[in-house]
Amino acid sequence: MQSTTIAYPPVVSREAWLRERKALLTEEKELTKQRDRINAQRRRLPMVRLDKDYVFDGPNGKTRLLDLFEGRHQLIVYHFMFDPAWEKGCMGCTGFVNALGDLSMLGERDTSFVLISRAPLEKLEHYKADQGWSLPWVSSFESDFNYDFHVTQDKSVAPVEYNYRNEQELKERGSYFTQGEAHGMSVFFRMDNEVFHTYSTYGRGVESLTDSYSLLDITPYGRQEDFEDSPAGWPQKPTYG
């Protein structure tokens, strides 16, 4: 006789479970197909040429946005919440970075990854060492970068992607906005010495981007595999080749 009081799923026969599981599988496969359609649409987004030469403080001195590509054509930036007045980085962003898997595939597919925060470099370096991270991390403290890409909101104005109805709702959902800082992800593309902005996402649009495949999915070139519906001329190779 069961005496537990915890919540749990209903108990059914194996046959009943299999019927339910197959019905769910149909929905899961449709979700995968829909995700593929959205990724294909994202690979067809236009891009915008940047009219500013953003410069950051990095471990090796002043570093341009162009330098962060490290010679590759694609760059993914994680906007890590770290206000200049804070002594530690955002705990949610810290959890996100700790959840990142092996990102070596990005480099193999012409893509670089970097963290950017508004706190001074000294604080970033200290926190990075404390966390035992090796990812590149630069400071936008003396740059308009955070403001231009809507992750520093001095007037508590949310990026349009959040679609908050009013300032009161913004305050109630303060988990994404602390002292004017927000987290997000932006993607850039390089052609010779020109840099273009291709994509940004914020809030829950970031939370599942913790592995190489999901990160590549938000870039113009995608995973660069032949199962993808990509524009003509996009780099592709056999998925398991």
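The values are calculated or read from the model by the stated rules, or taken from the named source; none is laboratory data. Just so you know, these numbers come straight off a predicted model, no measurement behind them. Positions of Cβ are generated from backbone atoms using ideal geometry, with glycine treated the same way; all protein chains shown enter the neighbour counts.
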So for the stretch 11-19 (the condition being in a loop (DSSP other than H, G, I, E, B), of a type in the set (A, V, I, L, M, F, W, C) and out of contact with any helix residue (DSSP H, G or I) (no Cβ under 6 Å at 6 or more places or on another chain)), does at least one residue qualify?
yes
Within the stretch 122-154, residues among the hydroxyl-bearing types (Ser, Thr, Tyr), assigned to a loop (DSSP other than H, G, I, E, B) and surrounded by 14 or more Cβ atoms within 10 Å (Cβ to Cβ) come out as 140, 143
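Each row is one residue, and each column tells you yes or no for (1) assigned to a helix (DSSP H, G or I); (2) basic (Lys, Arg); (3) surrounded by fewer than 17 Cβ atoms within 10 Å (Cβ to Cβ).
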| residue | (1), (2), (3) |
| --- | --- |
| 36 | yes, no, yes |
| 40 | yes, no, yes |
| 51 | no, no, yes |
| 56 | no, no, no |
| 62 | no, yes, yes |
| 82 | no, no, no |
| 86 | no, no, no |
Flagged in the stretch 183-241 as of a type in the set (A, V, I, L, M), in contact with a strand residue (DSSP E or B) (Cβ under 6 Å, 6 or more places away or on another chain) and not in a loop (DSSP other than H, G, I, E, B), in numbering order, are 185, 187, 195, 215
Checking 225, 169 in turn, the sole residue that is of a type in the set (Asp, Glu), at pLDDT below 70 and over 26 Å from residue 66 (Cβ atoms) turns out to be 169
Exactly one of 51, 67, 83, 57 is over 25 Å from residue 191 (Cα atoms) and among the acidic types (Asp, Glu), and that one is 83
By residue number, the members of the stretch 100-121 that are touching a residue at least 60 places away in the same chain (Cβ under 8 Å), of a type in the set (Ser, Thr, Tyr) and either crowded, with 16+ Cβ neighbours inside 10 Å or in a strand (DSSP E or B) (or both) are 111
The one condition residue 75 fails out of (1) closer than 17 Å to residue 60 by Cα; (2) not in a helix (DSSP H, G or I) is (1)
